[in-house]
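The values are calculated or read from the model by the stated rules, or taken from the named source; none is laboratory data. Keep in mind the model is a prediction, meaning the values are calculated, not measured. Glycine also receives a Cβ, built like all others from the backbone with ideal geometry; neighbour counts cover every protein chain displayed. When the accessible area is computed, the model is the full protein with side chains, heavy atoms only, and any ligands, DNA or RNA have been set aside. Shrake-Rupley method; radii C 1.70, N 1.55, O 1.52, S 1.80 Å.
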Amino acid sequence: MSATLPISRAVIIIKALPRPSSKYGETVCCAGITASREWKRLYPVRFRQLTSGRSFRRWDWVEFAHRPPTTDRRRESCHVFEDAIKVVGALPENDRFALLDPMVMPSASAAASSGASLALIRPSNPRFRWRRKSEAQLEAERREYREAGRQQSLLDADLAAFEPTPFAFAFTFRDAEGPHTWTCGDWETHATFFYWRKRYGEASALERLGGRFNDEYPAKGMLFATGNMMKRPKTWQLLGVIRLDEKGQLGLL
């Protein structure tokens, strides 16, 4: 790796569900925001292969070396070198509003009009929904992850095949453009389902997610982190569900 590669630092906002990749095996769409409020999309990140000190969570400050991608022309995208990823701290909760709120857009279409491919929006009247996947759909997803796992390098650690969530999660909501229904690709949401299912059972896990996203988060303040698809830039996706107050601490005094 060349010593002249640029180094960026960003606080992680987006960690989407792992996706099978024909080239990299399994990757995770990750994105963060710099101190100067610039989006950085980190790719490829084989998140489950990251070693200690490189594995990060939402709100972690991460440093990474990168170069321009060869095929992705979206302005926020960076081709990241995994061995140069380093967690260097975390953004305190009291500082989150000041960093993120000035970046909120009225809609994904407004962000697209400005040339952006990542955006934060505040949804109006959000409702969290779920639908049980068919066994055929689940098995097809499992097969994709198994095949992706077989494509990894001989130098990579062996990983259990990623287990897809048995439910499709989605939100209906409104923004300045109008009503939408978007599938939820936020990894944290799906991981929370598995954690609560193991602890409380499936029905209770779904009920608790509904309480979080239909009552708790809307009452306190929430953001959606959204991004478009490289091959279908007019298609935007919900990649992150974020708890953030409507007003910062100074606004509450």
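Brief remarks on what is shown
- Heavy-atom accessible area ranking, 1.4 Å probe, most first, across 63, 135, 188: 135, 188, 63
- Solvent-accessible surface of the chain, taken per residue with a 1.4 Å probe and all protein chains present: 53 Å².
- The aspartates and glutamates whose alpha-carbon is closer than 15 Å to the alpha-carbon of residue 247, local same-chain residues fewer than 8 away aside, are 93, 95, 101.
- Ranked packing of 105-111, 140-146, most packed first, by mean Cβ within 10 Å: 105-111, 140-146
- Expressed per residue, the C-alpha convex hull volume of the chain stands at 147 Å³.
- Ranked by the mean number of other Cβ atoms within 10 Å of their residues, highest first, the peptides 119-131, 198-210, 38-50 come out as 38-50, 119-131, 198-210.
- 175, 101, ranked by accessible area, largest first (probe 1.4 Å): 101, 175
- For the stretch 1-140, average projected area of the Cα convex hull in nm²: 11.1 nm²
- The stretch 190-246 and the stretch 61-123 have Cα centres spaced 19 Å apart.
- Residues of type aspartates and glutamates that residue 220 reaches as a straight line, Cα spacing below 13 Å, ignoring anything fewer than 8 places off in the same chain: 245, 246
- As a fraction of the 1.4 Å probe accessible area of the chain, surface on carbon and sulfur atoms comes out at 50 percent.
- Geometric extent, Cα atoms of the stretch 191-250 - Rg, Dmax (angstrom): 15.0, 42
- Diffusion coefficient, µm² s⁻¹, Stokes-Einstein with Kirkwood Rh over alpha-carbon pairs of the stretch 133-224 at 4 °C and 1.567 mPa s: 83 µm²/s
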